[in-house]
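Student: Structure in structure tokens, see below.
The values are calculated or read from the model by the stated rules, or taken from the named source; none is laboratory data. Every value quoted in this text rests on a predicted model; they were computed, and no experiment measured them. Heads up, the Cβs are rebuilt from the backbone with ideal geometry, glycines too, and the neighbour counts pull from every protein chain shown.
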Amino acid sequence: MIAKKVLKLAIVSERIRNHFNDPLRYFSKIKVKHFYQNTYADFILNSKINTSQFINESDLEKKLTQFRPDIIQTYEPYYGYSKIRLPLRPLGILNVVYNYCQKNKIPYYFNALETNEPIIKYGKIAGKIIFWMYRHI
């Protein structure tokens, strides 16, 4: 009998909290691993949920290479503001995910809770810059 390949989903987050992570323990048909950089104060490590903390973008790339996911979910690109009102915080992590997926020919997706287009949320100039920054996503 030929064993079926178990599909792997990597979830990549800047921060992690329990109420988002806890339902992952019910996934049984696919192997899920949640990669995160930081935690919120309410996070308690749960041994039933496969998690891995990364230190920086280089560390994330190494950990993704070791896990070898079939698909990656990352966080929304409009997450966080900088001093110049642009969401620059996610760029490094999103760039690692994008490059990893391109190199390994695997799909990725992100949830977008934001309902406003960048030009509406950030204004005409910043909105165009954001559109340019995320044009390949």
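Student: What is the residue count in segment 10-32 for residues that are buried (at least 16 other Cβ atoms within 10 Å of the Cβ), aliphatic (A, V, I, L, M) and more than 11 Å from the chain's Cα centre (by Cα)?
Tutor: Matching residues across segment 10-32 total 2.
Student: Okay, next question. Collect the residues in segment 36-68 that are in a strand (DSSP E or B) and over 20 Å from TYR98 (Cβ atoms), keeping them in residue-number order.
Tutor: ASN38, THR39, THR51, GLN53 - these are the residues of segment 36-68 that are in a strand (DSSP E or B) and over 20 Å from TYR98 (Cβ atoms).
Student: Filter segment 70-104 down to residues that are modelled with pLDDT of 80 or more and either of a type in the set (D, E, K, R) or over 14 Å from the mean Cα position of the chain (by Cα) (or both), then give me how many there are.
Tutor: So the count comes out to 4.
Student: Taking into account only those residues within segment 33-50 that are closer than 26 Å to LEU91 by Cα and over 13 Å from the mean Cα position of the chain (by Cα), which is modelled with the highest pLDDT?
Tutor: Among them, the one singled out is ASN50.
Student: Sticking with this structure for a sec: I'm told LYS33 meets every condition in (1) part of a helix (DSSP H, G or I); (2) in contact with a Pro (Cβ under 9 Å, 6 or more places away or on another chain); (3) of a type outside the set (Phe, Trp, Tyr) except one. Can you identify the failing condition by its number?
Tutor: (1)
Student: Looking only at segment 25-45, count how many residues are over 12 Å from PHE67 (Cα atoms) and either of a type in the set (Val, Ile, Thr) or touching a Leu at 6+ places or on another chain (Cβ under 9 Å) (or both).
Tutor: The number of residues fulfilling the criteria is 6.
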